[in-house]
Structure formats: structure tokens, C-alpha cells
Protein chains: 2
Amino acid sequence: MAHRVQEQLVLVVELLILLAICPKAIFGKLGCHSRPSDVPPPDGNGYCLSWRLAVEANNMRAWRTVPPQCQRHVESYMTGGQYYQDIDLIIKQVTAYADGITMSGDGMDAWVLDIDDTCISNMLYYKGKRYGCDPFDAAGFKAWATRAECPAIPAVLGLFQKLVDGGFKVILLTGRDQETLGGATASNLLTQGFDGYERLIMRTQAYKGQSAITFKSDIRRQLVEEGYRIWGNIGDQWSDLQGQFVGNRTFKIPNPMYFVP
Amino acid sequence: MAHRVQEQLVLVVELLILLAICPKAIFGKLGCHSRPSDVPPPDGNGYCLSWRLAVEANNMRAWRTVPPQCQRHVESYMTGGQYYQDIDLIIKQVTAYADGITMSGDGMDAWVLDIDDTCISNMLYYKGKRYGCDPFDAAGFKAWATRAECPAIPAVLGLFQKLVDGGFKVILLTGRDQETLGGATASNLLTQGFDGYERLIMRTQAYKGQSAITFKSDIRRQLVEEGYRIWGNIGDQWSDLQGQFVGNRTFKIPNPMYFVP
């Protein structure tokens, strides 16, 4: 009996030594090795990660709605903290760049900032649109914007104030319609702390129906012709950052909820 | 005697059960988990996700190395499947766009493709450089490229063949030095299936020391002056896709391992 138990003990000790030397040899085969926490899960999440990356790297154009299978993914991204963490890192890059600029002293050193989902957030509105899975609703968005209740995006507000305090002329450039949303937009910006900008430029009748790239390029051309040096240009849409006179450096704020051509 | 041995056996079996349930409880404390000792612990995946997004959206410029705390994240991204999944979705976008092009029939409809980490992969080389945590090693990379063993990136190879078969002139444009790497590069491309391209354009003495943006813009200008219509331009670096004559549409292949100015 003692002999048999001793044999078993030797076997068990050998197994323990094997485990200590090479746990993967055993756990790997059992399928219970610990996958690093940062490996994406092999389920449908991978597609949504790819989709969102393609949007942010400007590989995905003219998309109309978030793919239905990515609603949860986009919701988690927007509300779970990663969206704001992503913005914080971008604003750190902006700040490092802005800190390195030698101001001219002539009052023409400028930055161009987009408004919607750059300065102030429409996330609450898009929550009701399944985070972009529903198609764009012009009347619904107008009603929302009229309420003038978009909260500031904190890191961008901090940057805005730093730029203004530093002597930059901050020009807010938006595709929002001036006639119908001019008052609400100015009011919303002010109550959220966006105070001290040089100009608020909105879409007028002359630019109606034009793409954001065309409209914003034309405005930036006028600014440059007036003598402004556009040091930086920040927007959540690639159409804010492409076209002509885009500025010395552009920064893309994430937005997986909608696409503006 | 038998009783004492049996008690020991029970203890050993209990230890085994503990190991099976929670190996980290033992190996973690013993410091013998599988993470290499020189890799700093993950700081929370969030920062590395933000960092990688900033790189891919061109918000992060002139970065020299992957942040040390993101080594594991980049390794997992590159080797865990997500990198290839991301590329597959991008190539689907490229294909949909290419399918919609009406060919002129004059043989001047062209695409420009970068080579390193666009057509063929240097992932194996960068594995030895801690996935980009080590600074660029010109001699080491030259020795690697001379071996001409970079594997094709499958989805890009498929696209390349589709473009060639479809009658597009595919121009491969690389910052690799023609004098020292010309033969190895041509050979590597051929053995990996990149056959039938219109031209392989490498960096000559005249472009030495110039940034990729300047060099590649100048080459694309010459192509356009020759009459080529650059329908698409694909690269893993923003410096492939910016500057002049960038093409009708650009596509950014992910690369979190290194930055080329």
C-alpha cells in the first residue's frame, strides 16, 4: 500500500514540476491558459473595432449609418470612458504643438475649430438615435440644437481657453445653418464656457447644399486672404480637415456616430 | 508510514487543484508567469488604445518608438488577429471603390502602392525590435531587407492581382534605397507573388535625405505629368498619403510599429 501511494506521489510531484516549468504545456492543452487582457475577443467585436478604425483613419467614406451589429460597441465606446480618454490624448498632442508655436505678435495667429462633437457634444441626442444606427434626422437634430443644451467636451473647452488666453484668434466654423440656429448656437457656446472667440462662422444661404469640404475650404481661403495664419484645425469629421487651406496641422477628434460629407 | 504519505498526497492534490483553478495565484506570486521580465506591466489597455488610434488618425506625429507600456498591446494587436482583420475591411473598401471606376482604356489608369508593411510585412523583423519599442536600426533593417524574406500581406496581394488583372497600372513606390536594396526588393516581391506591376520606383541618390512626403510627392508629380491618372494610393504611413498629387483616393493600412516622416 505504502509503495503504491509513494509511486502516486512521485507521479504527482513530476506533474507539479512540469507545471512549474511549463504551465502552458498543461493549461494550453486544456484551453484554460490566460489570454492577455488586451487581445481583442474573437467574437463580433473585432469587426466593429475594424469598422471604427477605418472610420477614424478616413478609409471609410460616405457611410450613412453605424452597422447595426456595432450599436453596442459604439455605445460602449462613447459612454464607457474610452472616447474621452482618446480625446484627452489628442488634446495633449494639440497642446504640445501649440506650446511650440512662436506667435507673430500681429494678432493674426489663428486656430479653426469645428463645433458639433468637437467643442460641444451631441452624444445625448445620438443616444436616442441608437448611437448612429438610425439614419440622419434633419428635423430631429434641428429641434435638439435649438434647445442649446449640448454640453462642452471638457478637454476641448480647456484647450479653447488656453488658446484664447495665449493670444490665438480662435475661429469657430460650423456647417450649422446661421438663419435657423445662429442664436441657439451662440447661446449654447456661451453657457458652456466658449467665450472669447474671434468669430463664429456658420453656413449662410450662399453655401446651402455645398459639401462641408467646399464650404469650409472657401471660408478658410477668405481667412487666409484676410491675413490669418491657420496654425491648427480641429474637427470630428475628415471633411473639416480636408480640401484647401486646411491649416498648418490638423487634428481629428473621434466620432463613430455619423459622417458629414 | 502509509498514513503520512497519504497526508502528503492530499496536500499535493490540493495544491494541484489550486493550480488548476487559479494558476496566477501561485505563478504570479512566484514571478514565473509568462510575461518577459523586461516588459513593463500593462497600465490599463485604455492608454494604448488611445495611442494607437491617435497614430492611425494622424494625430500623433514624428513619434520615435512605441511607448514601453504598450509593447504588449501592440504585440497582441499585430499577432492576435485584429491587425489582419482591420486590413481585410480596408481592402474591402478599396475593392468596392476600384470596382466603381470607369477605366479610360488608354492604359494610364494607375494605382500607387507602398511596399513595406503595405505589400509585404516586416512584422517578423519588428518582433525582434520589441514591436517598435526599440528605436529604428538602419543597419539591422537593411540586413533584414537584404534577406528578401518579407511575407506578402495576403489581402493586399489579392488586391494587387485584382488591380493588375483589371487593367490598372500598379506602381510600387518605396523609400527603400535602390542601390543597396534594389535586387533584394524585386526578388522579394516576385517570390511573394507581386508580379505584373508597371514600375518599381525606389529612392535614388537624388532623393537621399529627403522626407518620404517630398520624395513620393515628386515621383507622383512625374507620373501625373506622364499622363497617369492616380485613382488610388495605399500606404501604411501618412507620409505615403500626404503632400502633392496624392491620388483620387487614399487608404491607410494600420501600422503601430514605426513612423516614417
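The values are calculated or read from the model by the stated rules, or taken from the named source; none is laboratory data. Just so you know, these numbers come straight off a predicted model, no measurement behind them. Every residue, glycine as well, gets a Cβ built from its backbone with ideal geometry; the counts of neighbours run over all protein chains shown.
Couple of notes before you dig in:
- When B:Lys208, B:Lys216, B:Lys169 are checked against the criterion of being crowded, with 22+ Cβ neighbours inside 10 Å, among the basic types (Lys, Arg) and either touching a Phe, Trp or Tyr at 6+ places or on another chain (Cβ under 6 Å) or modelled with pLDDT of 95 or more (or both), a single residue qualifies: B:Lys216.
- Tally of residues being hydroxyl-bearing (Ser, Thr, Tyr) and modelled with pLDDT under 95 across the range A:29-78: 2
- Matching residues, the range A:232-254, being in contact with a strand residue (DSSP E or B) (Cβ under 9 Å, 6 or more places away or on another chain) and within 11 Å of chain B (Cβ to nearest Cβ): A:Ile234, A:Asp236, A:Trp238, A:Leu241, A:Gln242, A:Val246, A:Arg249, A:Thr250, A:Phe251, A:Lys252, A:Ile253
- Every listed requirement among (1) of a type in the set (Asp, Glu); (2) free of Cβ contacts under 8 Å to residues at least 24 places away in the same chain; (3) touching a Gly at 6+ places or on another chain (Cβ under 7 Å) is met by A:Asp114 save one, (2).
- Within the range A:201-233, being closer than 22 Å to A:Ala184 by Cβ and of a type in the set (A, V, I, L, M) holds for A:Ile201, A:Met202, A:Ala206, A:Ala212, A:Ile219.
- Helices (runs of 4 or more DSSP H) completely within the range B:168-241 that count 1 or more residues being polar (S, T, N, Q) and touching a Pro at 6+ places or on another chain (Cβ under 9 Å): B:238-241
- Any hit, the range B:137-149, residues being of a type outside the set (S, T, N, Q) and in contact (Cβ under 8 Å) with a residue 60 or more places away in the chain: no
- Scope the range B:118-137; condition under 14 Å from the mean Cα position of the chain (by Cα), farther than 23 Å from B:Phe194 by Cβ and surrounded by fewer than 17 Cβ atoms within 10 Å (Cβ to Cβ); matching residues: none
- Residue in the range A:122-134 that is within 26 Å of A:Thr214 (Cβ to Cβ) and among the aliphatic types (A, V, I, L, M) present: no
- If only residues of the range A:146-166 that are assigned to a helix (DSSP H, G or I) and not aliphatic (A, V, I, L, M) are counted, the one that is surrounded by the most Cβ atoms within 10 Å (Cβ to Cβ) is A:Phe160.
- The listed residues are B:Gly140, B:Gly132, and the only one of them that is in contact with a Gly (Cβ under 9 Å, 6 or more places away or on another chain) and under 24 Å from B:His73 (Cα atoms) turns out to be B:Gly140.
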